[in-house]
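What follows is a set of notes on a single structure, which appears directly below.
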Amino acid sequence: MTYVINGVTLDLQPSSGGWVARDIIGIDGNGHPIYPATREFQLEWGIASMSQFNEFLLAFENVHITGSAVIELPRWDGSTYEFREYSGCVVQEPEFDRYFTEHPTSVRLLITNIRV
């Protein structure tokens, strides 16, 4: 099982990743929470090379131009750990905290607009 963005398998698979908890956007008349229709998934790497970080940046730039991506992620609602394709996803700009020598650390890539 590997993470794939628009048919391209990431050279450096994340050290961790997970579904981001949705914020409650309101309460209905019966007191039930109202959630956004879409979800988010965050990929994380402890350390990466500059060429690997550039791969994440290129994925962002390519999708930023076209608008959305097809991304293979662990299934949100599955009874087993399996990957599936989610289309119409948005790749946010990758981030990292600081350099360790020449390597970006605490690299994060947020995928948004995921419909499950």
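The values are calculated or read from the model by the stated rules, or taken from the named source; none is laboratory data. Worth saying up front: this structure is predicted, and the values here are computed from it rather than measured. Here the Cβ is made from the backbone with ideal geometry for all residues, glycine too, and neighbour counts use every protein chain on show.
Quick notes on this one:
- The residue pairs whose first member lies in the range 74-86 and is at pLDDT 95 or above, whose second member is surrounded by fewer than 14 Cβ atoms within 10 Å (Cβ to Cβ) and acidic (Asp, Glu), and whose beta carbons are closer than 7 Å, counting only pairs six or more residues apart or on different chains, are Arg75/Glu82.
- Qualifying residues in the range 48-97 (those that are touching a helix residue (DSSP H, G or I) at 6+ places or on another chain (Cβ under 6 Å) and in a loop (DSSP other than H, G, I, E, B)) - the one nearest to Thr2 (Cα to Cα): Pro94
- The residues listed here are Val4, Val8; of these, the one that is without any contact (Cβ under 8 Å) to a residue 60 or more places away in the chain and out of contact with any Gly (no Cβ under 6 Å at 6 or more places or on another chain) is Val8.
- Reported count of residues in the range 54-73, each being among the aliphatic types (A, V, I, L, M) and modelled with pLDDT of 90 or more, is 5.
- Condition met for Leu110 (surrounded by 18 or more Cβ atoms within 10 Å (Cβ to Cβ) and either in a loop (DSSP other than H, G, I, E, B) or modelled with pLDDT of 95 or more (or both)): no
- Gln13 meets the conditions (1) under 14 Å from Asn113 (Cβ atoms); (2) under 15 Å from the mean Cα position of the chain (by Cα); (3) not in a strand (DSSP E or B); (4) not acidic (Asp, Glu) in every case but one. The failed one is (1).
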